[in-house]
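Colleague: One structure, pasted below without further comment.
Bear in mind these aren't lab numbers, they're just calculated from the coordinates by the rules spelled out. The structure displayed is predicted, hence computed values, not measured ones. Glycine also receives a Cβ, built like all others from the backbone with ideal geometry; neighbour counts cover every protein chain displayed.
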Amino acid sequence: MDLIDFNLKKILHINLNDYSYFVEERDMGEWIGGVGIATRLLSENIKKDVDPLDEGNVIVLAVGPFTPAYPFASKTVAMFKSPLTSNLGESHAGGRSATAIANAGYDAIVIKGASSKPVYVVIENEKVHFRDARVLWGIEDSLITGRIIAEKEKGRGIRAIMRIGGAGEKLVRFAGVMTETYRHFGRTGLGAVFGSKKLKALVVIGKGTKRPSDAKSYREIYNKIFELATASDAMKKYYLIGTPVNVAPLNELRALPTRNLESAYFENAEEISGEKFAEFNLARRIACNHCPTACIHLAALRIPYEDEPYFHKTIMISYDYELIYSLGSMLGIGDRNALLKLMHRVELYGMDAMSTGVCLAWATEALKKGLISQNEALAPLKFGDAEAYLKAIDNLYFQPNEFYKTLAEGVEAISKKYGGKEFALAFGGNEMPGYHTGHGGYIGFLIGLRHSHLDNAGYSIDQKAKEDPEPEELVEKLVEEESWRQILSSLVVCFFARGVYTPELVVEGFKPLGIEMSEDELKEIGRKIYLEKLKLKKELGFDLGKMRIPKRIFEVETFKGNLDSNYIERALNYYEKKYYRAV
Amino acid sequence: MVKILTIKDIERCVGCALCMYACSRRRPKSPYIGYDHSGILAISLSGFERGATIIVCRACYEPPCSQVCPTDALVPRKGGGVVYKEKLCIGCDNCIEACTISAIFKRQDGKVALCIHCGYCVDFCPHSVLEYREV
């Protein structure tokens, strides 16, 4: 039985050009795992100027040394060149993906090349099978694809089925990859990269076992983490009402982007609040593998068939804050049932909900302002009209005209072509998350290496202090947070468990696995990974100087007043000198 | 009193698999990471949103697995189920075939994993699906 070897990483290389694979073992302990090793592996294996949809693009999936030793280390980090932003793409998903990869014996999987015909790949411990997926290609519903593969393949209860829906096949630049139905590699377009490689799904079945180097302390520290997770309040926010608990307070704060950020207050927010969903729609909660919290909130939606009396279907839909913002307030949808239908449609095709919502919000405003006509929009897009948005989501998949072909490339691309950049709400090419909280939030989106609210939690800095710090100090805070989060995502610990996994606990958790490291060393590695990732992002084409800030954000007051462009400029200048130019 | 592991409320199962990891850790001197040594398996009904099934020993009074074991590695246990004498196990898989509910699992080292009704997993089930009760 293998003792855990922290330094030695086992990497499975798969080549779709010739359906071959090999396993590489090498010392990468200095990069910990997850995002640390994925950054290195992507950098080594990709030609930096490659087109993201070319066969030369490379997908790296990585897990960490705590997977599956401890609870919450259940995220798989995916890194690739993003077809949405044209530079570094990164997204994280839970479900059973990470534990299956680790149980199969791997720290990382590197996928290169492209198949000439549709395939899906099954990894079963040391074996890799390439399966014909021609019959699955064209199934636009990611749920059906998952079900078919689940019936055919073995490994019930221990496998992960990562697959794309129609959006990935049609190369929608913000298509995601779904795993275990309700978890997603959502942001920055991994689904389109799968689609460009004719890779319909990746199944991982693993049953390996490792031993800790110290049995007694391993069980003790495990119990401690379990206690912290279940007996303390650390996870409360995520398991009671869940992330939608944020809807009401952010709206109260005038921070909930509404109708393409024409406003930051939604008059119907209460109807789509976490409390209302919990009271009327919550049907079940489920968990990612090895997570006691079970934050995945599922709503049941009962839909009668119009053609047959007393004939109904009931579907289960996963809801979270980000979807309520992007497909709800951002589109002026204040009806929960209508909102759930939009969420379901996005899930079915496998699109990133935030990008989809922001694109549709832009299209609605563009239609209203006459930048596009009904001939382009096809559906009568109007804030609050869910039926029209359902049609528009279908159109993002079918792409029946030039307009939707371009809209499927994201809000940056569409506004370049049709105008309306001032209200095209993307940062670094990535459609914005739902936080109009102030300078911290927006500067966080701008300098975050994924342009995501999760990179550095600027929205949280905004809400914690009454006064903004000096811009330089703000940048330092953001970078410090983002550097620490590199450690969490190298351990692949879910960010929701960041309150449990303090630096002290991480160091403690290392010991039974045979790793001696101080908190300072740990933080230093976080900074190193951060800079390495920034360097790779630059090499892949990121240009801070070309960053576009949509005017709209200055027109809507935040709870601290209007945003100040000089403040943002000072912050970006400081960031450029201190970090961007340093790598 | 002898105790056995039972499922108290299957509808509460969220599919977290903490029971499976706990089962692998159950031996104080040789806990395992992963679930190759787990004698319990939580599967979904085509997605946990439709519910779960937990496959685990039901503690038979006349265990078929024990009846077909050629080496007496599986001995009927007082209160139901079996005691697994791992050293005697030759990995013939007869027990796997014999178990009516497929609750004996093949390990990678050739031997088997099954529930011995120690109750260790119960404390790690965060949503009270499992129960350790007196027979």
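Colleague: Roughly what % of DSSP beta bridges within segment A:2-211 run antiparallel, to the nearest 5? Numbers along the way, then the final one.
Modeller: Details: 37 of 50 bridges.
Bridges in segment A:2-211 that DSSP calls antiparallel: roughly 75 percent.
Colleague: Next question, about the same structure. For every helix of n ≥ 4 consecutive DSSP H residues, a contribution of -39,500 (n - 2.57) applies; sum these over chain A, divide by its total residues, and give [θ] at 222 nm rounded to the nearest 500 deg cm²/dmol.
Modeller: Values: 24 runs with 227 residues, N = 583.
Theoretical 222 nm ellipticity from helices: -11000 deg cm²/dmol.
Colleague: Beyond 19 Å between alpha-carbons counts as too far, so tell me which of A:Lys10/B:Lys111; A:Lys197/A:Lys341; A:Lys10/A:Lys47; A:Lys237/A:Lys560; A:Lys117/A:Lys170 fall in that bin.
Modeller: From the list (A:Lys10/B:Lys111; A:Lys197/A:Lys341; A:Lys10/A:Lys47; A:Lys237/A:Lys560; A:Lys117/A:Lys170), the Cα-Cα distance tops 19 Å for A:Lys10/B:Lys111; A:Lys197/A:Lys341; A:Lys10/A:Lys47; A:Lys237/A:Lys560.
Colleague: For segment A:17-34 and segment B:1-73, compute the distance between their C-alpha centroids and round to whole Å.
Modeller: Measuring centre to centre over Cα atoms gives 33 Å.
Colleague: Here is a follow-up. Roughly speaking, what is the centre-to-centre gap between segment A:223-258 and segment A:369-388 when only Cα atoms are used, to the nearest Å?
Modeller: When both Cα centres are located, 35 Å separates them.
Colleague: Loop-only chymotrypsin sites (Phe, Trp or Tyr not before Pro) in segment A:261-344, please: DSSP not H, G, I, E or B, and at most 15 other Cβ atoms within 10 Å. Working shown, then result.
Modeller: On the way: sites: A:Tyr265, A:Phe266, A:Phe277, A:Phe280, A:Tyr305, A:Tyr310, A:Phe311, A:Tyr319, A:Tyr321, A:Tyr325; in loops: A:Tyr265, A:Phe266, A:Tyr305, A:Tyr310, A:Phe311.
Hits after loop and neighbour filter: A:Tyr305, A:Tyr310, A:Phe311.
Colleague: Determine the gain in length on full extension of the stretch A:Glu306-A:Glu519; use 0.36 nm per residue of separation and subtract their C-alpha separation, reporting nm with one decimal. Spell out each step's value before the answer.
Modeller: Details: separation 213, 0.36 × 213 = 76.68 nm, distance 6.14 nm.
Separation in residues times 0.36 nm, less the Cα-Cα distance, equals 70.5 nm.
Colleague: Under 18 Å from a point 7 Å along the Cα-to-Cβ line of A:Asp564: which residues of segment A:419-459 have their amide N that close?
Modeller: So the set is A:437-444.
Colleague: Follow-up question, since we're still on this one. Mean projection of the alpha-carbon convex hull of the protein assembly as shown over all orientations, in nm²?
Modeller: Values: hull surface 122.2 nm².
It is 30.5 nm².
Colleague: Hey, what's the per residue convex hull volume over the C-alpha atoms of segment A:1-88, in cubic angstrom? Mind showing how you got there, number by number?
Modeller: Working: hull volume 10.0 nm³, N = 88.
Hull volume over Cα atoms, normalised by residue count, gives 114 Å³.
Colleague: Also, I was wondering about something else. Report the calculated FRET efficiency for A:Lys382 and A:Glu470 (r = Cβ-Cβ distance, R0 = 41 Å), to the nearest 0.05.
Modeller: Using R0 = 41 Å, I get an efficiency of 0.40.
Colleague: Of all DSSP beta bridges located in the protein assembly as shown, what percent are antiparallel, nearest 5? Mind showing how you got there, number by number?
Modeller: Working: 70 of 83 bridges.
Around 85 percent of the beta bridges assigned by DSSP in the protein assembly as shown are antiparallel ones.
Colleague: When Rg is the radius of gyration of the Cα atoms in segment B:3-134 and Rh is its Kirkwood radius, what does Rg/Rh come to? Write down the numbers at each step before the final one.
Modeller: Values: Rg = 14.2 Å, Rh = 15.0 Å.
Rg divided by Rh gives 0.95.
Colleague: Could you tell me the calculated FRET efficiency between A:Glu275 and A:Lys47, based on Cβ-Cβ distance and R0 = 45 angstrom, to the nearest 0.05? Spell out each step's value before the answer.
Modeller: Values: r = 50 Å, r/R0 = 1.12.
Approximately 0.35, to the nearest 0.05.
Colleague: Which distance in nm do the two modelled labels at A:Asn15 and B:Lys87 give, with both placed 7 Å along the Cα-to-Cβ direction?
Modeller: 5.0 nm
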